[in-house]
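To start, the structure under review is shown below, and the notes come after it.
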């Protein structure tokens, strides 16, 4: 590289060092003429010229320039959840269902989110505008689940009630606790999918315990079932009530006296 710079200085810059140019275009024209002459100049110890060597080697390896300008992007790792979506900034993007429970690389640009698996692009979406928004392509879902694109909170709660009263109440609680119901879909789907592994009776008992513990989440229900806590005797914790008479409680009469003084 240093030799190439030295050659350019000798054959171009040195020749033009005493010339005066009155515009960039005029200087570029002069440089281009000398550059063409340098590239066509035969080698002293090799056959051909710089131009012929470039055509025989480097030119074949060149790739087309990008169609668009450079775009700044962030990269993140994400796990594909059971609903065939990955999460970024509380928004969700679908990827092919064959990648469920695997990790993908996300390229987050200003307007797009692209998912890569082992350096191969597997999904591309326009970027979500608000938390809870979902971008889903039908072809990413298993055929048995594609009909669930039309899921609504009512359908999820109905599915939960078909398992039992407690499961239906748990699904309803999850959806009510979210700013957008869609943000609770993943947790609901996870809980409902547990019915494939556990009986309705056990899932009902786990849902009841999660409600009593005020922990209506998929992780809580799964932990209860995995540890067999749903089979153990259970009594809901009693709510603590502030006593009416206590030496640390001054009461309204105390403050009434303070106000009168």
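What follows draws every value from the coordinates through simple rules; no lab data is involved. Quick caveat, the model's predicted, so the values are computed rather than measured. Positions of Cβ are backbone-derived with ideal geometry, glycine not excepted, and every protein chain shown enters the neighbour counts.
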query: Label-point separation (nm) for residue 196 and residue 25, each offset 7 Å from Cα along Cα-to-Cβ?
result: 6.9 nm
- request: Would you calculate the separation in nanometres between label points at residue 165 and residue 234, each defined as 7 Å from the Cα along the Cα-to-beta-carbon direction?
  value: 1.5 nm
Shape parameters for segment 2-50, alpha-carbon atoms, Rg then Dmax in Å: 12.3, 39
- request: Determine, from the Cβ-Cβ distance of residue 2 and residue 124 and an R0 of 51 Å, the FRET efficiency 1/(1 + (r/R0)^6), rounded to the nearest 0.05.
  value: 0.75
- prompt: In the calculated pair distance distribution of segment 151-231, what percentage of Cα-Cα distances lie above 14 Å?
  reply: 53 percent
- request: Could you order peptides 117-125, 221-229 by the average number of other Cβ atoms within 10 Å of their residues, highest first?
  value: 221-229, 117-125
statement: Simple spin-label estimate for residue 215/residue 50, 7 Å along Cα→Cβ, in nm, reads 7.2 nm
- request: Work out how much length residue 108 to residue 17 would gain on full extension: take 0.36 nm times their residue separation and subtract the Cα-Cα distance, in nm to one decimal.
  value: 27.9 nm
task: Show me 130-140, 20-30, 93-103 ranked by packing, highest mean number of other Cβ atoms within 10 Å first.
output: 93-103, 130-140, 20-30
